[in-house]
Amino acid sequence: MEQRRRPAVPGARPRLLILGGTAEAIALARRAAASFDVTTSLAGTTENPARPPGRVRIGGFGGAAGLGRYLDENAIDLLIDATHPFAARMQANAAEGCALAGVPRCRLLRPAWQRHADDRWIEVDDIAQAAAAIRSPGRRVFLALGARDLPCFAPLTDHWFLVRGVSPPAQPIANGLFLQARGPFTLGDERRLLVEHRIEVVVSRQSGGEGARAKVDAARALGLPVVMIRRPPAPPPPIVDTVAAAIAWLDRQSAVRPIAAPLAQTGPADAG
Ligand code: NAP
């Protein structure tokens, strides 16, 4: 679709909408604030999410058409989709909504973890396959997943589950333990956790990123298998994999001065 033309307001900074819920979205909002009028959008699914600098809006848009309307009504110039790699619906809606509104969009998608020679990964396509994969190999399981994925594991009544999350699940876990915690976690933290709870198998999404990888490294160090859920298919290009590359894309899209603020070294964990 043809890109929207809006009368230029002298001196006004371009309006940037960041679709957030990740540490990268916060780092991006921090760096872009010097040159853009930044709004970050959160889904509203996490209690007390880490808040980025700048304006924050919370809640769904009402599908791709709703996002298209929001972009139009709020005169958004550019959009970076910095949602989690598993936010499949939002990334598809971002591509479609931006096309409808004629707003340039870029997907910021952190690199996936690379498999080491001594990793014992069992790669699967979805949660149902993950539940099937642990039927025999393990009894004590660390589920590094969201609360909404837990029902798939409910039929495995002879297993013991360790579940960790930012918010407790709606239903208590009958055969296991819920730990309320927010990352990032260190290798030492994760190793201790796996040993203390005598974990035999880890179930994880292929999230990528530094904040969540320690559990995968700890499993490798302890020789434990990891049922690794593959990512959903990527959306249409452009796609970048670092905050710096997203800033470079923004600079190319606008006539603003280059953004000089330093990259954040560490960031908070993901939160919707
Ligand atoms: P999803 O399945 O792709 O999205 C479901 C719906 O939630 C979307 O259709 C949209 O509603 C709304 N939504 C999602 N992200 C939004 C955002 N940033 N701003 C406004 N609305 C948003 O996504 P999800 O997997 O439920 O994840 C929800 C949020 O949690 C995302 O922002 C993601 O970055 C974050 N997160 C997800 C995971 C994960 O493993 N999936 C992990 C950590 C953080 P409408 O259609 O009504 O617009």
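The values are calculated or read from the model by the stated rules, or taken from the named source; none is laboratory data. Because the structure is predicted, anything quoted here is derived from the model rather than measured. Counting neighbours? That spans all protein chains shown, and the Cβs are built from the backbone with ideal geometry, glycine included. These accessible areas exclude ligands, DNA and RNA; they are computed on the full protein's heavy atoms, side chains included. Shrake-Rupley method; radii C 1.70, N 1.55, O 1.52, S 1.80 Å.
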Filtering the stretch 29-50 down to residues that are away from the ligand (no atom under 13 Å from the Cβ), open to solvent by 30 Å² or more (accessible area, probe 1.4 Å), part of a loop (DSSP other than H, G, I, E, B) and not aliphatic (A, V, I, L, M) yields ASN48
For the structure I just gave you, tell me whether GLU123 is within 27 Å of PRO184 (Cα to Cα), out of contact with any helix residue (DSSP H, G or I) (no Cβ under 6 Å at 6 or more places or on another chain), away from the ligand (no atom under 11 Å from the Cβ) and among the acidic types (Asp, Glu).
yes
- Message: Could you go through the stretch 163-179 and let me know if any residue there is open to solvent by less than 10 Å² (accessible area, probe 1.4 Å), free of Cβ contacts under 8 Å to residues at least 40 places away in the same chain and assigned to a strand (DSSP E or B).
- Response: yes
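Give the number of residues within the stretch 114-128 that are without any contact (Cβ under 8 Å) to a residue 60 or more places away in the chain and either under 12 Å from MET228 (Cβ atoms) or within 19 Å of the chain's Cα centre (by Cα) (or both).
Keep residues of the stretch 114-128 that are without any contact (Cβ under 8 Å) to a residue 60 or more places away in the chain, which gives 114-115, 117, 128.
The next check asks that each one be either under 12 Å from MET228 (Cβ atoms) or within 19 Å of the chain's Cα centre (by Cα) (or both); those that pass are 114-115.
Result for the stretch 114-128: 2.
In the list ARG148, ARG139, which residue meets the criterion of being basic (Lys, Arg) and within 17 Å of VAL226 (Cα to Cα)? Walk me through it before giving the result.
Working: ARG148 fails: within 17 Å of VAL226 (Cα to Cα).
Only one candidate qualifies: ARG139.
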Note on the stretch 216-234: residues within 16 Å of ARG164 (Cβ to Cβ) and in contact with a Phe, Trp or Tyr (Cβ under 7 Å, 6 or more places away or on another chain) are VAL216, VAL226
Within the stretch 66-80, the count of residues that are away from the ligand (no atom under 11 Å from the Cβ), open to solvent by less than 50 Å² (accessible area, probe 1.4 Å) and in a helix (DSSP H, G or I) comes to 1
ARG148 vs (1) surrounded by 22 or more Cβ atoms within 10 Å (Cβ to Cβ); (2) in a helix (DSSP H, G or I); (3) not assigned by TED's automatic domain parsing to the domain that holds ALA248: all pass except (1)
With criteria (1) of a type outside the set (Gly, Ala, Ser); (2) in contact with a Ser or Thr (Cβ under 9 Å, 6 or more places away or on another chain); (3) more than 16 Å from the ligand (Cβ to nearest atom), PRO104 comes up short on (2)
Those residues of the stretch 195-229 that are within 13 Å of the ligand (Cβ to nearest atom), open to solvent by 20 Å² or more (accessible area, probe 1.4 Å) and at pLDDT 95 or above come to a total of 1
Expected single match for in a loop (DSSP other than H, G, I, E, B) and within 13 Å of the ligand (Cβ to nearest atom) among ARG110, ARG89, ARG57 is ARG110
Report task. Would you check if there is a residue in the stretch 185-193 being β-branched (Val, Ile, Thr) and farther than 23 Å from ALA117 by Cα? Result -> no
Of (1) open to solvent by 50 Å² or more (accessible area, probe 1.4 Å); (2) in contact (Cβ under 8 Å) with a residue 12 or more places away in the chain; (3) assigned by TED's automatic domain parsing to the domain that holds ILE247; (4) of a type in the set (Lys, Arg), ARG139 fails just (3)
Among PRO53, PRO111, PRO85, the single one that is open to solvent by less than 20 Å² (accessible area, probe 1.4 Å) and either touching a residue at least 24 places away in the same chain (Cβ under 8 Å) or not assigned by TED's automatic domain parsing to the domain that holds TRP249 (or both) is PRO85
